[in-house]
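The values are calculated or read from the model by the stated rules, or taken from the named source; none is laboratory data. These numbers were taken from a predicted model, which means no experiment stands behind them. A quick note on method: Cβ atoms are made from the backbone with ideal geometry, for glycine too, and the neighbour counts reach across all protein chains shown.
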Amino acid sequence: MFLKKLIAKLFKPDGSGGKPATLSKEQRRQIEAAILAAKGDPNRPTSVQASIPYRAMYPDGVCHVAGKLYSKTIEFFDVNYMLAGKDEQTAIFEGLCDFYNYFDPSISVQQTFISRRAAKEEFHKAIDIPRVGDNFDHIRDEYGGILKSQLEKGNNGLVRTKYLTFAVEADSLKMAKSRLGRIEMDIINHFKMMGAGARPLSGKERLAALHGVLHLGTTEQFNFDWDGLYKTGLSTKDFISPTSFHFGEGRTFRVGGKIGAVSFLQIIAPELNDRILADFLEVDGNVVVNLQIRSIDQNAAVKMIKRKITDIDGMKINEQKRAVPFNHGGGGVIYKWKL
């Protein structure tokens, strides 16, 4: 409607031979903007499935994210850091530093920490210790009973999982699988050196994890098998998609019937407590924390540090200029701080 009114106004005969009016640069810009708005954004997703940002998931756990980017995911488990002694904590921290330094700029890394409320049946299944037919079955039964008793007495039923997803660029799926496999082995070895268990996720397990995130706070079960996928002609996204996505309400959004919010935290402090992440995950509710890690090339890092030093020196000079001397009439000099 806006475009029709604008064209009718601009091309109205001016009374001298019926020639259209000359368009200014601003008027041409308005017409071009109106035409683009009428066409819509060709890159805008047209369905819930199209909003999920990956192209294909394979049974071995390799995911084709986009273009030449491929990824894999590893689930890792807790290490007794808080109960360890000072020397052992230092060794774990140094191992973590070596772990982060392993990733070069060509590897994108994201750590995902998920705390979600599970159904009681699912939680019972998670803590159930199966019998194996040896002399220790009575101990397994007793320990499982203690865990279930604690659950009944007030355990909030939160299940916490931790994942590390790493991605590389490759010209083909075959090349991506080869490099991702080598990186996967190195990562698992680093976790073992820190005393933490780790295992790679299959494609179905990665889809189950995505389904859990996209259905936080619901009891909807994940039902999927590769044979059914091939027979129905559906995509893997059809098995994990929520009913709807809705964004555009400030920092809140809606996924299906649930409402969530996203927060970006920039923590500026002289030091960080080693329990900061644990405090986030101990929130009584459904929480997803993503920690994205990207190594910087050494030359780029040196340039960044020099730029920061230059900025700090500039701030020091400006602060010194704000302190100007003036005479108060008694022969002395008083320094006044200008605000």
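So, of the residues in the range 251-265 that are surrounded by 15 or more Cβ atoms within 10 Å (Cβ to Cβ) and over 17 Å from the mean Cα position of the chain (by Cα), which turns out to be modelled with the lowest pLDDT?
256
Within the range 229-250, restricting attention to residues that are over 21 Å from the mean Cα position of the chain (by Cα) and either within 19 Å of residue 261 (Cα to Cα) or of a type in the set (Lys, Arg) (or both), which residue is modelled with the highest pLDDT?
Per the criteria, the residue is 243.
For the range 175-222, how many residues meet the condition of being over 26 Å from residue 96 (Cβ atoms), touching a residue at least 12 places away in the same chain (Cβ under 8 Å) and part of a loop (DSSP other than H, G, I, E, B)?
Within the range 175-222, residues that are over 26 Å from residue 96 (Cβ atoms), touching a residue at least 12 places away in the same chain (Cβ under 8 Å) and part of a loop (DSSP other than H, G, I, E, B) number 7.
Have a look at 8, 34 and point out the one that is at pLDDT below 85 and in contact with a Leu (Cβ under 8 Å, 6 or more places away or on another chain). Steps first, please.
Values: 8 fails: in contact with a Leu (Cβ under 8 Å, 6 or more places away or on another chain).
Step by step, each of 8, 34 is checked, and only 34 is at pLDDT below 85 and in contact with a Leu (Cβ under 8 Å, 6 or more places away or on another chain).
Any residue at all in the range 76-88 that is at pLDDT 90 or above and under 19 Å from residue 188 (Cβ atoms)? Explain how you work it out, then say what you get.
Let us first name the residues in the range 76-88 that are at pLDDT 90 or above, namely 76.
Subsequent filtering for residues that are under 19 Å from residue 188 (Cβ atoms) retains 76.
Scanning the range 76-88, I find at least one residue that is at pLDDT 90 or above and under 19 Å from residue 188 (Cβ atoms), so the answer is yes.
Examine the range 285-296 for a residue that is more than 27 Å from the chain's Cα centre (by Cα), closer than 30 Å to residue 102 by Cα, at pLDDT 80 or above and among the aliphatic types (A, V, I, L, M), and state whether such a residue exists.
no
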